Structures are given as C-alpha cells and as structure tokens.
Amino acid sequence: MKTTCRQQMLERKAMKKICRYLWDNFELLIMQICFWLLLICVCVNIILRWVFSSPLFYAEELSRIFFIWMCFWGFGYVQREESHIRLTVFAKRFPVAANFLIDMIVSGVGLFVFGWILVSGIRYLDYVSIRRSSALQIPMQYLTLILPLTSGVMMVRIIQTTVRRIQKVIAVRKNGGNAV
C-alpha cells in the first residue's frame, strides 16, 4: 500500500512537472513544429520542382499557413520572455517608479487591444465559416482560428508578466528597498 501511495505521489509530481514544462514552453514548441513543417514543405517542393519538374500545387499555401501560425505564436512567446521591442530611450529619462507605472499602463492597453482582437477574431470565424482555402480546400475557420487563439494566450501572458512585475516590486519593498 505504501509503495502505491508513493508511486502515485511520484506520478503526480512527474505529471505536474510535464504540465509545467508544456505551459511554460508550448508557444515555443508550436513555433518549432511550424518551422520544421515549413522547412520540410519548402524543401520537398524545391526538390519536386527542380528534379521532377512537378511541384506540389498546395505547397505555397501550406508554407504560408505554417509561417503565419509560427509568427502569431511568437507573440505569446516574446511576451512571456519579455523580449519584445521596447522604447528604452524614453524609459531612461523617467524615474523607476514612473517606468513601472508606464509598464502597467502599457499592459492595460495590451489587454484591451488583444481582448478586442479576441472578440473580433471570434466574430471573424463566423464570417469565414462558408469559405475554403484555394488549394487545400481547408475551411477558413480552422486557418483563422489563430487570431482568437493567440489573442487569448497573449492576454494570459500579459497578465502573467504584470503579476510577476508587481510581485517583484512587493518583494523589493518588503526587503526595505524603494526601487520599483
């Protein structure tokens, strides 16, 4: 009985570790999958075009889909990593507390914008429900699902980074520092 309880505890711990890894890296994993599928699609089409003079008629559309999906998933990844482009020229001119306030305002604006894209993307799915892609004949709903999907992920990532910044400020203040 003890071994099964211990085994269950280890399994839960392992599952928690796997879920945590997937949560922390799923944008990166999806981007990598899209990149490799894009690369394979382009390379196969080049070989078929030059060696056999018979390219795949759908390769360009498929490559475009993989590229767009890879870029959209990149939004959430750079937000989570906080590696997106910032205007640091202006940030250096303000005190630390003002930079924190500006970050909070920018996060609020980001939430609003991606919330709007989320709602508009869901409405757009209904609009394109009767359309199909030109070469593959895939329903456009599946292809444009990227808009609401990544907008929702961006909102979650913005909230995550905002909470992380606030926790950092609270920790600094508790330790007697006054830096924000």
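The values are calculated or read from the model by the stated rules, or taken from the named source; none is laboratory data. Everything numeric in this text was worked out from a predicted model, so none of it was measured. Every residue, glycine as well, gets a Cβ built from its backbone with ideal geometry; the counts of neighbours run over all protein chains shown.
Can G115 be described as in the same structural domain as F94 (by TED's automatic domain parsing), crowded, with 17+ Cβ neighbours inside 10 Å and in a helix (DSSP H, G or I)?
So G115 does not fit the description; no.
Any residue that is in contact (Cβ under 8 Å) with a residue 60 or more places away in the chain and under 26 Å from the mean Cα position of the chain (by Cα) - is there at least one of those in the stretch 18-26?
No.
Check A59, A97 and return the single one that is at pLDDT 85 or above and either among the small types (G, A, S) or on the phi > 0 side of the Ramachandran plot (or both).
That would be A59, the only listed residue that is at pLDDT 85 or above and either among the small types (G, A, S) or on the phi > 0 side of the Ramachandran plot (or both).
Quickly run through the stretch 157-180 and pick out the residues that are hydrophobic (A, V, I, L, M, F, W, C), surrounded by 16 or more Cβ atoms within 10 Å (Cβ to Cβ) and under 19 Å from G76 (Cβ atoms).
I158, the sole residue that qualifies.
Cβ-Cβ under 8 Å, sequence separation 6+ or interchain: first residue in the stretch 70-81 and on the phi < 0 side of the Ramachandran plot, partner at pLDDT below 90 and in a helix (DSSP H, G or I). Which pairs?
Pairs that qualify, where the first residue is on the phi < 0 side of the Ramachandran plot and the partner is at pLDDT below 90 and in a helix (DSSP H, G or I), are R80/D24.
If only one of I102, I85 is surrounded by 12 or more Cβ atoms within 10 Å (Cβ to Cβ) and either modelled with pLDDT under 90 or under 14 Å from I166 (Cα atoms) (or both), which one is it?
Matching residue, one of I102, I85: I102.
Quick one: which residue in S54, S63 is assigned by TED's automatic domain parsing to the domain that holds Q32, touching a residue at least 12 places away in the same chain (Cβ under 8 Å) and within 25 Å of W36 (Cβ to Cβ)?
S63
Any residue at all in the stretch 121-135 that's in a helix (DSSP H, G or I), crowded, with 18+ Cβ neighbours inside 10 Å and within 15 Å of the chain's Cα centre (by Cα)?
Taking every residue of the stretch 121-135 in turn, none turns out to be in a helix (DSSP H, G or I), crowded, with 18+ Cβ neighbours inside 10 Å and within 15 Å of the chain's Cα centre (by Cα).
State all residues of the stretch 149-171 that are in contact with a Gly (Cβ under 7 Å, 6 or more places away or on another chain) and either within 15 Å of M70 (Cα to Cα) or outside any helix (DSSP H, G or I) (or both); if no residue qualifies, say none.
Of everything in the stretch 149-171, those that are in contact with a Gly (Cβ under 7 Å, 6 or more places away or on another chain) and either within 15 Å of M70 (Cα to Cα) or outside any helix (DSSP H, G or I) (or both) turn out to be T150, S151, V153, M154.
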